[in-house]
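First comes the structure, then the notes that go with it.
The values are calculated or read from the model by the stated rules, or taken from the named source; none is laboratory data. In this text the structure is predicted, and so the values were computed from the model without any measurement. Every residue, glycine among them, receives a Cβ derived from its backbone with ideal geometry; neighbour counts consider all protein chains shown. Ligands, DNA and RNA are stripped out before the accessible areas are found, and what is left, the full protein with its side chains, is counted by its heavy atoms. Shrake-Rupley method; radii C 1.70, N 1.55, O 1.52, S 1.80 Å.
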Amino acid sequence: MARLALTLGCWNYDRTRALADGTVRPDGIDLNYLTMPVEETFFRMARFKEFDVAEMSLSSYTVSLHSEARPFIAIPVFPSRFFRHASIYINKQAGIREPSDLIGKRVGNPEYQMTAPVWIRGILSEHHGVPVDSVQYWIGGEEEPNRIEKIKLDLPANIKVAPIGPGKTLAQMLRDGEIDAFYTARKPSTFDTAPDRVGRLFENFVVVEKDYYRTTGIFPIMHTVVIRRDIYEANRWVAQALNKAFGEAQRLTYEDLKETAALKAMLPWAHAHIEEAVRDLGEDYWSYGFDKNRPVLETFLRYHHEQGLSKRRLQPEDLFAPETLESFKI
């Protein structure tokens, strides 16, 4: 019987490598794995729906659920997670010494709806007393001019968002003091090229992020995996087939990272990092699945609603194919 041919747009993660090289094959599916930077995957999927399956920004996907078309449906697989305290950059001449100093400042975001800034704004508001509407947001390209929001937004009047000028980039504006701070996913180039002018708000970010995890139990989810809804509706079984396959590929990576006879990652103290992650976050420190991640998803959806990106506050169950929320028992 013929297998269903599906194209997947995704980056080349260690946790998805077994899908890319064919070591793991989803049940009933021939997977054409296209490797691209996340910005390209997100843009092409959100704007043109080019792929049958794709890694997608959790925020962009959540925004899409408020459209009439609802073009995608997700599975509870999270290829990217990231503590984001390290991703708050400042101009060192802007007088920002602590989070409260951000109030009233000019803050860059590549896109207001990006997942990383959603988490950053939420964390700053909930844990550091920086209300979401207490700054002016400037959006545009981080390293290249003329980036726009992938998805049209309708924000409340109290949230001020404006595009930067043509020919401008946020990395340069941060260096030159045209913006005071920058919430982003990628480290801006000027952090390395102009270290006298660009720094991090939390220089000891590892300590801060570990304390945040001990306090909240949250390891922020950045990306999920979505299926085009027309593909899913015609083949409901693909959601669970893909869910199982991503899980198996991740299991193999867990095993690789535990190997001590010869290191499989180019990190001299990888074994120490793994032992530390297990000690601090538990054996399944990069968990997939719905139940384990409900508190993280609830927090994200609350932030998304508070920041004007969700017209109503969604529940975690609203995000995923129902077939992936339960499993059979023997």
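Are any residues in the range 159-190 open to solvent by less than 30 Å² (accessible area, probe 1.4 Å) and hydrophobic (A, V, I, L, M, F, W, C), and if so, which ones?
ILE159, ALA162, ILE164, LEU170, ALA171, MET173, LEU174, ILE179, ALA181, PHE182
Quick one: what pairs do we get from the range 120-137, first residue free of Cβ contacts under 8 Å to residues at least 60 places away in the same chain, second in a strand (DSSP E or B), C-beta under 6 Å, 6+ apart or different chains?
VAL135/VAL107; GLN136/ARG106; GLN136/LYS160; TYR137/VAL107; TYR137/ASN109; TYR137/VAL161
Can you tell me which residue within the range 1-27, out of those that are within 23 Å of PRO71 (Cα to Cα) and open to solvent by less than 60 Å² (accessible area, probe 1.4 Å), is farthest from the chain's Cα centre (by Cα)? Talk me through it step by step, then tell me what you get.
So the first thing to find is which residues in the range 1-27 are within 23 Å of PRO71 (Cα to Cα), and the list is 4-11, 26.
This time we only want the ones that are open to solvent by less than 60 Å² (accessible area, probe 1.4 Å), so: 4, 6-10, 26.
Values: LEU4: 28, LEU6: 23, THR7: 21, LEU8: 18, GLY9: 15, CYS10: 13, PRO26: 24 Å.
Out of the qualifying residues, it is LEU4.
Of the numbered conditions (1) in contact (Cβ under 8 Å) with a residue 40 or more places away in the chain; (2) outside any strand (DSSP E or B); (3) closer than 20 Å to ASP230 by Cβ, SER67 fails exactly one; give the number of that condition.
Of the numbered conditions (1) in contact (Cβ under 8 Å) with a residue 40 or more places away in the chain; (2) outside any strand (DSSP E or B); (3) closer than 20 Å to ASP230 by Cβ, the odd one out for SER67 is (1).
When TRP119 is evaluated against the numbered criteria (1) within 30 Å of ASP14 (Cα to Cα); (2) surrounded by fewer than 23 Cβ atoms within 10 Å (Cβ to Cβ), which criterion, by number, is the only one it fails?
Status for TRP119: all satisfied but (2).
I'd like to know if the range 69-91 contains one or more residues that are over 28 Å from ALA181 (Cα atoms) and open to solvent by 40 Å² or more (accessible area, probe 1.4 Å).
Checking the range 69-91: at least one residue is over 28 Å from ALA181 (Cα atoms) and open to solvent by 40 Å² or more (accessible area, probe 1.4 Å).
So which residues in the range 92-114 are in a helix (DSSP H, G or I) and either of a type in the set (Phe, Trp, Tyr) or surrounded by fewer than 22 Cβ atoms within 10 Å (Cβ to Cβ) (or both), if there are any at all? Outline the logic, then answer.
In the first step, residues of the range 92-114 are kept if they are in a helix (DSSP H, G or I); the result is 99-102.
Passing the criteria: PRO99, SER100, ASP101.
Within the range 112-155, how many residues are modelled with pLDDT of 95 or more and in contact with a helix residue (DSSP H, G or I) (Cβ under 9 Å, 6 or more places away or on another chain)?
Final tally of qualifying residues: 30.
If you go through the range 252-277 one residue at a time, how many are touching a helix residue (DSSP H, G or I) at 6+ places or on another chain (Cβ under 6 Å) and in contact (Cβ under 8 Å) with a residue 12 or more places away in the chain? Step through it out loud before you land on a result.
Our first condition is that a residue be touching a helix residue (DSSP H, G or I) at 6+ places or on another chain (Cβ under 6 Å); within the range 252-277, this holds for 252-253, 257, 260, 263-264, 274.
Those still in the list that are in contact (Cβ under 8 Å) with a residue 12 or more places away in the chain too: 252-253, 257, 274.
Of the residues in that region, 4 qualify.
Looking at the range 144-158, which of the residues that are of a type in the set (D, E, K, R) and open to solvent by 100 Å² or more (accessible area, probe 1.4 Å) is farthest from VAL63 (Cα to Cα)? Steps first, please.
As a first pass, look at the range 144-158 and keep what is of a type in the set (D, E, K, R): 144, 147, 149-150, 152, 154.
Subset that is open to solvent by 100 Å² or more (accessible area, probe 1.4 Å): 144, 152, 154.
On the way: GLU144: 25, LYS152: 9, ASP154: 11 Å.
Among those residues, the one meeting the criterion is GLU144.
Out of all the residues in the range 33-73, which are out of contact with any Pro (no Cβ under 9 Å at 6 or more places or on another chain) and at positive phi?
The answer is ARG70, and nothing else.
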